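None of the figures in this text is laboratory data; all of them are computed from the coordinates on show. Quantities reported herein were computed from a predicted structural model and do not represent experimental measurements. Positions of Cβ are generated from backbone atoms using ideal geometry, with glycine treated the same way; all protein chains shown enter the neighbour counts.
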Amino acid sequence: MTFLTLTSLRKQYGSVAALDGIDLSVTAGSRTAIVGPSGCGKTTLLRLVAGFDAPDEGGIVFAGQQLADARSQVPAHKRGIGIVAQDGCLFPHLTIRQNIGFGLEAEASVKNARIAQLMDMVGLDPAMLARKPDQLSGGQQQRVALARALARKPRLMLLDEPFSALDTGLRAATRKAVTDVLTAAGITTLLVTHDQGEALAFADQVAVMRAGKFAQVGSPREVYSRPVDVATAAFLGEAIVLPAEVADGRAQSPLGVLPVDDIAYRGKAEIMLRPEQITVAQNGGDGVFATVAEINFCGPISDVRITLGDAFTFRLDIPSRETLSAGDRVTIGVAGAAHLFR
Ligand SMILES: Nc1ncnc2c1ncn2[C@@H]1O[C@H](COP(=O)(O)OP(=O)(O)OP(=O)(O)O)[C@@H](O)[C@H]1O
Ligand SMILES: [Mg+2]
């Protein structure tokens, strides 16, 4: 069932088209990630859905109700939508208890029980309830903001970069905890991030945004494995893009003859491989001969630049090994099909 529908949304700030025709369908109980570079319009989109700002054109329909169009708007507090803003936005002069309880209409004992339950949900020590926001770390503040947004049991949750203040390990753990909380409560969620790994791990549906438009909307697998263009491919992860001559589902390329995921196309094209499809062998094996032009050790992985004759060069992250150095001859093997850009 479609729960949230955005139709041709536009929002202009002076000469900047922050949103330039956005269409999106979100099903009830699902998780959508909106991913894109800084300034592409992600926060603007969430602000329009939350009701903090009105679209210039287009419409927002939520749970069968028209929330906004060019003429009228349902006010933010009547939408039943929770938002965790990019900067957390806790009330600095209130305690954590007062922040989470803000706007909760209930008698004290019920309210306190609910606050305790929310603290537990987001994994915070109840001893923090008496503190002010400036006595918490950035990551803890983000979790309080999430608890506050959950307190009113929203039907839709908007999360704007909620994990950005967390370091890598805590980030993954918090993301998992938040995902579990939202799933258990059956809350439909829109997550904004510019971390592509986070988007792919979190969502059922990923919308890749560029300059106020969605370049592509699809499942994590679709957008990662079958991106619409080179820019989308590169944004979602490392991509090795090769020139090719294609016919009958096979591509002649600098890495040899490769199967492609498009049997109809014939002619010149660009094709793409993801790094996990590529093996770099030091002791022969199937594949194409190449040279390691450069290697940078980064711990578990090494960033290598591979050249194939004078014709072609590409970069790749591979698992680090003691024995590989610049100048070595290697064999490049490819597994699976290449993706063809039409
Ligand atoms: N109130 C405003 N007045 C003028 N311009 C604005 C306003 N809000 C946003 N913009 C502009 O609209 C564009 C989109 O901004 P937005 O905040 O939506 O980007 P974003 O994708 O959330 O970026 P980030 O990843 O850096 O948070 C930017 O060019 C921004 O400068
Ligand atoms: Mg933003």
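Things worth noting here:
- Summed side-chain charge close to Gly101 - residues other than Gly101 whose Cβ falls under 13 Å, Lys, Arg +1, Asp, Glu -1: +3
- Each residue of region 174-190 was assigned a 3J(HN,Hα) from its phi angle through the Karplus curve 6.51 cos²θ - 1.76 cosθ + 1.60 (θ = phi - 60°); the sequence is 5, 4, 5, 4, 5, 4, 5, 4, 5, 5, 4, 8, x, 8, 5, 9, 10 Hz, with glycine and proline shown as x.
- Karplus-derived 3J(HN,Hα), 6.51/-1.76/1.60, for each residue of region 301-309, Hz, glycine and proline x: 10, 10, 8, 10, 10, 10, 10, 10, x
- Highest mean packing comes first when the peptides 125-131, 244-250, 335-341 are listed by Cβ atoms within 10 Å, giving 335-341, 244-250, 125-131.
- Sequence ranges 147-156, 321-330, ranked by mean other-Cβ count within 10 angstrom, highest first: 147-156, 321-330
- Sequentially through region 314-331, phi angles give Karplus couplings (6.51, -1.76, 1.60; θ = phi - 60°) of 8, 9, 7, 8, 10, x, 5, 9, 4, 8, 8, 9, 4, x, 5, 8, 9, 10 Hz, Gly and Pro residues having no value and appearing as x.
- GNM top mover of Asp160, Asp180, Asp204 - the chain, alpha-carbon springs below 10 Å: Asp180
- Cα gyration tensor, region 69-226 - rounded (a/c under 1.5), prolate or oblate: prolate
- Helical runs (DSSP H, four residues minimum) scored at -39500 (n - 2.57) apiece and divided by the length of the chain put the mean residue ellipticity at 222 nm at -7000 deg cm²/dmol.
- Sequence-distant residues sharing a close amide H with Val84 (under 5 Å, placed H): Leu158, Leu159, Asp160
- Taking a ≥ b ≥ c as the square roots of the eigenvalues of the alpha carbon gyration tensor, region 8-131 is prolate, as a/c is not under 1.5 and a/b beats b/c.
- Cross-link pairs exceeding 24 Å between alpha carbons, from the set Lys78/Lys176; Lys78/Lys213; Lys78/Lys153; Lys42/Lys78: Lys78/Lys176; Lys78/Lys213.
- Antiparallel content of DSSP bridges confined to the chain, in %, to 5: 75
- Rounded if a/c under 1.5, otherwise prolate or oblate - region 202-342, Cα gyration tensor axes: oblate
- Centre separation in Å (Cα based) which lies between region 1-69 and region 266-342: 40
- For the chain, the longest principal axis of the Cα atoms and the long axis of helix 108-121 meet at an angle of about 10 degrees.
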